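Beneath this line is the structure, given in C-alpha cells, with notes to follow.
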Amino acid sequence: MDFITHYCSPIGRMRLASDGEALSGLWFEGQRYFSETLSRKYEERSDLAVFNATRAWLDAYFSGKKPDFTPQLLLRTSDFRKKVWTMLLGIPFGQTTTYGAIAQQIARARGLSSMPARAVGRAIGHNSIALIVPCHRVVGSGGRLTGYAGGIDRKQWLLQLEKMEIGTNQ
C-alpha cells in the first residue's frame, strides 16, 4: 500500500508518494509520467514522517536555499535508471551537467567506449522524484534547455531559483 499527499509549490501543485517509510514519488501534477511508480492501491495520508521531512525540504528549496538534508528515498525503477538517478543526486545545487557527460561516466564505469546520451535522457525523463533527484540540472549540449517532464518553463524557473546562468555551468 502506498500513501499520497500534496504540496502547493510556487510553480504548481505536487503529489508526494510513500510506502510509509521512504519517499517513492514527487511529481508536478499533470507532468509526463505522473504517478508512474505509484501502486494501484493508495490512500491519502499527510501525517507520515517522510512527508513532513519532504515538505520541510521543499520549503527550504523553494525559499532559494540548498536543503541540508535529504528525505529517505525509495527509487522504484530498473537498475539502469537507478544508476542514472543516483548520479543525479551528485549534481550540486546551483550547477548543471549534460546528458552526454552522464552517458560518458556510465560508459567508463561499465568499460564501454560510449553510451548514447538518449538512453540517459530517457532514464532521466522517467525520474519519479522531481527536484530532490535533480533532473532539472541536466541540460543538452551547449547548455540547451531540453526535456523536462514537468515542462521547460518549470525547468528554467528552477535553474533561475538556484541562481544559475543557464548554459554556463556544466
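By a 1.4 Å probe calculation restricted to protein chains, THR70 has an accessible surface near 80 Å², given to the nearest 10. Axis angle, to the nearest 10 degrees, between helix 99-109 and the longest C-alpha principal axis of the chain: 80 degrees. GNM on the chain, alpha-carbon springs under 10 angstrom: the most fluctuating residue among ALA117, ALA107, ALA53 is ALA107. Cβ-Cβ distance of PHE80 and ASN52, R₀ of 41 Å, FRET efficiency by 1/(1 + (r/R0)^6): the value works out to about 0.80.
Share of the range 39-161's accessible area from carbon and sulfur, percent, 1.4 Å? The C+S portion of the solvent-accessible surface of the range 39-161 is 48 percent. Kirkwood analysis of the Cα pair distances in the chain returns a hydrodynamic radius of 16.3 Å. Shown here for the range 55-152: trypsin sites (Lys or Arg not before Pro) in loop regions (DSSP other than H, G, I, E, B) with at most 13 other Cβ atoms within 10 Å, namely LYS65, ARG110, ARG144. Between the range 16-91 and the range 97-119, the C-alpha centres lie 25 angstrom from each other. Farthest towards the positive end of the charge dipole of the chain, among the residues LEU38, GLY147, LEU131, is the Cα of GLY147, using unit charges on the Cβ of Lys, Arg, Asp and Glu. A dipole drawn for the range 52-121 from +1 and -1 charges on Cβ atoms has a positive end, and of TYR61, ILE102, PHE80 the residue lying farthest that way is PHE80. Among SER113, SER24, SER46, the sequence by solvent-accessible area, most first, with a 1.4 Å probe is SER113, SER46, SER24.
The residues of the range 16-122 have, on average, 55 Å² of accessible surface per residue, using a 1.4 Å probe with all protein chains present. At the listed q of 0.19, 0.20, 0.30 Å⁻¹, the Debye profile of the range 7-56, built from one uniform point per Cα, gives log10 I(q)/I(0) equal to -0.61, -0.68, -1.32.
The values are calculated or read from the model by the stated rules, or taken from the named source; none is laboratory data. Computed from a predicted structure; not experimentally measured. We place every Cβ from the backbone using ideal geometry, glycine too, and count neighbours over all the protein chains shown. Quick note on the areas: whole protein, heavy atoms, side chains included, nothing else; ligands and nucleic acids left out. Shrake-Rupley method; radii C 1.70, N 1.55, O 1.52, S 1.80 Å.
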